[in-house]
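Working notes, beginning with the structure itself.
The values are calculated or read from the model by the stated rules, or taken from the named source; none is laboratory data. Predicted, not measured: the structure shown is a model, and the values here were computed from it. Methodologically, a virtual Cβ is constructed for each residue, glycine included, from the backbone with ideal geometry; neighbour enumeration extends over all protein chains shown.
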Amino acid sequence: MNIIGRRKIWYLISLILIVPGIVGLILWKLPLGIDFKGGTLLDVQYKTDSVTKDQIAEKLKETGLKDVNVQPGADSTFLIRTDPLDNETIQKTTQALSEIGEGYKQNRLDSVGPTVSSDLKTKAIIAIIIASLAIIIYIAIAFQKVPKPASSWRFGVCAVLALIHDVLFVVGSFAILGHFFGYEINSLFITALLTIMGFSVHDTIVVFDRIRENLRKSPSLSFETNVNNSIIQTLNRSLNTSFTVLIVLLALFLLGGSTLREFMLALLLGVSIGTYSSIFNATPLLVSWQGWTMKRLAKKNAF
């Protein structure tokens, strides 16, 4: 099985996977939830099925609310998003909602001000950058004894490039889902991204560690052959581990309730693409970089 020899095909598949998401990000941007843009979120439920989205929107406009978004859900539930509201306005809003139909119940109330949401955005970006730099440094140190001419820093950079690929895919997917299906990202989404990064780099390190062992055991073989052998030797382990994780995530996505659904979907997408990138991106990139470096040295020595 010559996985490395077909690396241009894997690169093409990666482009096909991430380009639609990048286009979606450019056209529609990320669907930020109240955690990042500020606002108030109400999750309400009625016993009767007669309450409609238009009734709720009209009633709330009568109370003086201007920017109101009402999204119906299952079992007569409604997600109501507005600008940030003070306590007095929240009480008036709750009173107005209770008058619409029988059996009014408030399942959830979240309110985030614009200052807090801006701080969350900044901290989320910093967390992802710090995690990426820490991964590069850790892998570079852990693989510093890798046989020459391989470079430990190349291992670290290739792992992070695969991580960027995974993050772009998940973020781009949510840009598309947000535009067409009303999905939003919140602070749990950042938790999902960091979890995806950890899972993906763990899978990549397993392959990289086998590459290091094979480079020591079989120095007579070419770098590309050793890498390809390492992928084949760890392939079953990677696929089996990911498959068991995906089963659990799928169960939570289907049965975990609406509050966890977007978080679980992000993890499902991330673990799937992370498994792909560890096998078909990180290691092929390492081979391509190594080959380019050797060609450059050969040309330099020729002169």
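Observations
Let's see how each residue does on (1) among the polar types (S, T, N, Q); (2) surrounded by 13 or more Cβ atoms within 10 Å (Cβ to Cβ):
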position: T63; (1), (2): yes, yes
position: A74; (1), (2): no, no
position: T77; (1), (2): yes, yes
position: T82; (1), (2): yes, yes
position: Q95; (1), (2): yes, no
position: D110; (1), (2): no, yes
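- Residues being touching a residue at least 40 places away in the same chain (Cβ under 8 Å) and in contact with a Lys or Arg (Cβ under 9 Å, 6 or more places away or on another chain) - total across the range 148-168: 2
- Taken together, the criteria place L97 among residues that are assigned to a helix (DSSP H, G or I), in contact with a strand residue (DSSP E or B) (Cβ under 6 Å, 6 or more places away or on another chain) and either among the aliphatic types (A, V, I, L, M) or at pLDDT 85 or above (or both).
- The sole residue among I176, I129 that is out of contact with any Ser or Thr (no Cβ under 6 Å at 6 or more places or on another chain), in contact (Cβ under 8 Å) with a residue 24 or more places away in the chain and either loosely packed, with under 14 Cβ neighbours inside 10 Å or part of a helix (DSSP H, G or I) (or both) is I176.
- Residue check for K8: of a type in the set (K, R) and not assigned by TED's automatic domain parsing to the domain that holds E262: no
- Residue match in the range 259-274 (condition: modelled with pLDDT of 90 or more, of a type in the set (V, I, T), surrounded by fewer than 19 Cβ atoms within 10 Å (Cβ to Cβ) and closer than 21 Å to V167 by Cβ): no
- Residue match in the range 194-208 (condition: under 18 Å from G156 (Cα atoms), touching a Lys or Arg at 6+ places or on another chain (Cβ under 8 Å) and assigned to a helix (DSSP H, G or I)): yes
- Strands (runs of 3 or more DSSP E) wholly inside the range 1-94 that include at least 1 residues being acidic (D, E): 39-45
- Evaluation of W28 against (1) among the aromatic types (F, W, Y); (2) under 19 Å from the mean Cα position of the chain (by Cα); (3) modelled with pLDDT of 90 or more; (4) surrounded by 19 or more Cβ atoms within 10 Å (Cβ to Cβ) (one fails), failing number: (4)
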